[in-house]
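Here's the structure we're looking at; comments come further down.
The values are calculated or read from the model by the stated rules, or taken from the named source; none is laboratory data. Quantities reported herein were computed from a predicted structural model and do not represent experimental measurements. Cβ placement follows ideal geometry from the backbone for every residue including glycine, while neighbour counts extend to all protein chains displayed.
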Ligand code: FRU
């Protein structure tokens with residue numbers, strides 16, 4: 001069950017200081033002691049959260065930041081400072097170090113790549129800064145908690161859906177997410193599992209690095225090489241859409257189906273509504289949950305190591321009804337604290 005916001009604020013105000021008193025800042029509006037000798041208002045603390053975003057080029061990441069901002073707005077004890085690494089791992093490493101050196105009270109990071117960001121995050125964590133890793137996993141254990149959907153389960157659901165839609169046979173293109181990021185691997189591994197022993201052949205696969213222009217370019221190559229393509233599996237909606245644009249430019253978009261992941265209401269679900277994608281699998285941003293768990297951590301409460309967010313899928317048939325939960329009985333329970 002979610003805790004009412006008021007309760008969480010109260011917890012932060014009363015108990016949160018213990019853990020991070022050294023770093024937290026006094027809010028300027030904290031009341032000065034009254035001259036009359038009346039009891040002074042309790043001092044309010046403002047906690048600074050550093051949010052390291054790997055890129056704001058995709059609508060999904062813009063949405064993640066919005067979700068964080070919205071959730072934090074409800075708490076005047078929180079100030080979130082956002083940094084955008086513009087898809088540059090070195091820049092993101094520096095951002096983590098900057099937050100650490102500036103004495104942020106807590107770090108949220110959605111890392112571009114796993115291995116190169118593991119070290120800087122571990123450094124901050126070992127200095128006593130709690131770290132919430134969002135969406136793309138890191139290596140090792142040196143962070144406070146991870147929040148994200150189950151990319152293997154999503155990939156597997158996509159594989160099963162494709163298998164059924166193609167009646168167990170066909171030729172497909174797979175446009176993969178950045179292979180040095182964990183979701184890119186998990187969405188592939190899950191997909192292969194979901195396809196099972198179907199006679200479905202992946203005739204072309206490429207790392208489109210989560211980027212629509214790269215996906216479009218890779219798809220142009222696939223179209224040039226293969227006269228028959230039944231379906232394109234894009235590891236995200238920008239990738240699937242990039243592939244669609246390439247096929248459309250070649251006059252071949254009606255010959256094949258397009259499958260994507262993210263399912264934003266203003267992106268993937270619109271593509272489904274327009275008949276561009278046949279299905280999109282939701283990948284929740286976890287922004288709101290990150291703020292709620294940050295409040296708990298700052299209040300000195302215990303939090304789980306791993307929070308798995310549930311996911312739905314959207315087709316023209318179920319769109320109006322709000323999609324359908326994936327994973328059946330394996331589906332993760334609602335994850336809000
Ligand atoms: C945005 C994005 C999403 C994708 C997620 C994976 O950068 O590529 O489209 O689902 O990252 O981490």
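Anything in segment 184-199 that is crowded, with 20+ Cβ neighbours inside 10 Å and either touching a strand residue (DSSP E or B) at 6+ places or on another chain (Cβ under 8 Å) or assigned by TED's automatic domain parsing to the domain that holds residue 56 (or both)? List them, or say none.
The answer is 184, 187, 188, 191.
With (1) touching a residue at least 24 places away in the same chain (Cβ under 8 Å); (2) part of a helix (DSSP H, G or I); (3) more than 16 Å from the ligand (Cβ to nearest atom) as the list, and residue 79 as the residue in question, which single condition is left unmet?
(2)
If we scan segment 155-167, do we find a residue that is in contact (Cβ under 8 Å) with a residue 24 or more places away in the chain, touching a strand residue (DSSP E or B) at 6+ places or on another chain (Cβ under 7 Å), in a loop (DSSP other than H, G, I, E, B) and not assigned by TED's automatic domain parsing to the domain that holds residue 231?
No, because not a single residue in segment 155-167 is in contact (Cβ under 8 Å) with a residue 24 or more places away in the chain, touching a strand residue (DSSP E or B) at 6+ places or on another chain (Cβ under 7 Å), in a loop (DSSP other than H, G, I, E, B) and not assigned by TED's automatic domain parsing to the domain that holds residue 231.
I'd like to verify a number: residues in segment 122-142 that are in contact with a strand residue (DSSP E or B) (Cβ under 7 Å, 6 or more places away or on another chain) and within 16 Å of the ligand (Cβ to nearest atom), how many?
Qualifying residue count for the region: 6.
Residue by residue through segment 200-217, note down the ones that are more than 16 Å from the ligand (Cβ to nearest atom), crowded, with 18+ Cβ neighbours inside 10 Å and assigned to a helix (DSSP H, G or I).
Selection gives nothing.
Identify, by number, the condition in (1) without any contact (Cβ under 8 Å) to a residue 40 or more places away in the chain; (2) out of contact with any helix residue (DSSP H, G or I) (no Cβ under 6 Å at 6 or more places or on another chain); (3) more than 30 Å from residue 106 (Cα to Cα) that residue 269 doesn't meet.
The number of the failed condition is (1).
Out of all the residues in segment 226-247, which are touching a strand residue (DSSP E or B) at 6+ places or on another chain (Cβ under 7 Å) and either modelled with pLDDT under 95 or away from the ligand (no atom under 16 Å from the Cβ) (or both)?
Those that are touching a strand residue (DSSP E or B) at 6+ places or on another chain (Cβ under 7 Å) and either modelled with pLDDT under 95 or away from the ligand (no atom under 16 Å from the Cβ) (or both): 226, 228, 229, 230, 231.
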